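First comes the structure, then the notes that go with it.
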Amino acid sequence: MEEQDKDFLEMVVKSIVNNPNDVVVERTIDERGVLLTLKTNPADMGYVIGRKGQTAQSIRTLLKIIGAKNNSRVNLKIYDPEGGNRREDRAERPAQVSEEIDTSALDDLNI
């Protein structure tokens, strides 16, 4: 019964990702309650987090319900080896590709 939350998390995540064999859940207990750390294949991170974090929030809500049923506080940490910088990386790519723009045609204008 103690690891019911861990088993539930593994079952849910493995059913929504493309690489279920890469799903690893670590369970630790401290003074704040139970901490479940979820590690997945980086390619599956979008499936776990969902649009605007809705999938991750739903999973957290379900884990809190399981925790309340077992009189414990359950928290979920999604391990991201890239540090969550994917969106920033996409935003920076166009700025990194800089081409020199030819403005010689504008030099002859008498404005």
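Close amide H pairs (under 5 Å, H built 1.01 Å from N) link Ile78 with Leu38, residues at least 5 positions away or on another chain. The peptide list 50-57, 32-39, 70-77, put in order of mean Cβ contacts within 10 Å with the highest first, becomes 32-39, 70-77, 50-57.
With contacts taken as Cα pairs under 8 Å at a separation of at least 6 residues, the stretch 4-82 carries a relative contact order of 31 percent.
For Val34, the residues whose amide H sits under 5 Å from its own are Arg73, Val74, Asn75, ignoring neighbours fewer than 5 places away on the same chain, with H placed 1.01 Å from N. For the stretch 4-82, the number of Lys pairs with C-alpha atoms closer than 16 Å, counting only pairs eight or more positions apart or on separate chains, is 8. Residue-wise HN-Hα couplings along the stretch 51-65, as the Karplus relation 6.51 cos²θ - 1.76 cosθ + 1.60 with θ = phi - 60° gives them from phi, are 5, 6, x, 5, 5, 4, 5, 5, 4, 4, 4, 5, 5, 5, 5 Hz; Gly and Pro carry x.
Read the figures in this text as sums done on the coordinates, not as results from a lab. Source: prediction; values computed, not measured. Note that each Cβ is placed from the backbone with ideal geometry, even for glycine, and that neighbours are counted across all protein chains shown.
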